[in-house]
Amino acid sequence: FNGRTVFITGGSGFLGQVLIEKFLRSTNVKRLYLLLRTKKNKTPQERWNAIIGNMVCVYSLETNASATNFSYSTP
């Protein structure tokens, strides 16, 4: 997956979070897209913040500033 763009659905669940962390830690993906929806009155932004808050590899996000640049669109 080095240098590739990856699209993940269901990334907010346990396995999805493990997969995201694995991509950030072990590969050099060009771009990682996540499909997150509003759930239990939490916006996609709030859910993303919870995901990165639970990750062990926060150092990957801190060294790659673009990883924390979050933008989303609604249909």
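The values are calculated or read from the model by the stated rules, or taken from the named source; none is laboratory data. From a predicted model like this one, the values you see are computed outputs, not experimental measurements. Positions of Cβ are backbone-derived with ideal geometry, glycine not excepted, and every protein chain shown enters the neighbour counts. Protein only, heavy atoms only, side chains kept; ligands, DNA and RNA dropped before computing areas. Shrake-Rupley method; radii C 1.70, N 1.55, O 1.52, S 1.80 Å.
Can you report the number of residues in the range 32-47 which are without any contact (Cβ under 8 Å) to a residue 24 or more places away in the chain, under 16 Å from T9 (Cβ atoms) and open to solvent by less than 100 Å² (accessible area, probe 1.4 Å)? Don't jump to the end; show me each part of the working.
In the first step, residues of the range 32-47 are kept if they are without any contact (Cβ under 8 Å) to a residue 24 or more places away in the chain; the result is 37-38, 40-43, 46.
Subsequent filtering for residues that are under 16 Å from T9 (Cβ atoms) retains 37-38.
With the extra rule that they be open to solvent by less than 100 Å² (accessible area, probe 1.4 Å), the set shrinks to 38.
Adding up the residues that qualify gives 1.
Note down all Cβ pairs under 9 Å where the first residue falls in the range 8-31 and is closer than 18 Å to G53 by Cβ and acidic (D, E), the second is open to solvent by less than 40 Å² (accessible area, probe 1.4 Å) and modelled with pLDDT of 85 or more, and they're at least six residues apart or on different chains.
none
Tell me the residue from S26, S12 that is open to solvent by 50 Å² or more (accessible area, probe 1.4 Å), of a type outside the set (A, V, I, L, M, F, W, C) and modelled with pLDDT under 85, please. Walk me through how you get there before you give the answer.
Values: S12 fails: open to solvent by 50 Å² or more (accessible area, probe 1.4 Å).
Criteria check complete, one pass: S26.
Residue under question is L34, and the condition is that it be at pLDDT 85 or above and assigned to a strand (DSSP E or B); does it hold? It would help to see each step written out before you state the result.
Values: at pLDDT 85 or above: yes; assigned to a strand (DSSP E or B): yes.
So L34 fits the description; yes.
Please work out which residue is modelled with the lowest pLDDT, limiting yourself to the range 51-75 and to residues that are open to solvent by 50 Å² or more (accessible area, probe 1.4 Å) and under 18 Å from G13 (Cα atoms). Lay out the reasoning, then the answer.
As a first pass, look at the range 51-75 and keep what is open to solvent by 50 Å² or more (accessible area, probe 1.4 Å): 53-54, 56, 59, 62-66, 68-75.
Subset that is under 18 Å from G13 (Cα atoms): 53-54, 56.
Details: G53: 76, N54: 72, V56: 64.
For the range 51-75, the residue satisfying everything is V56.
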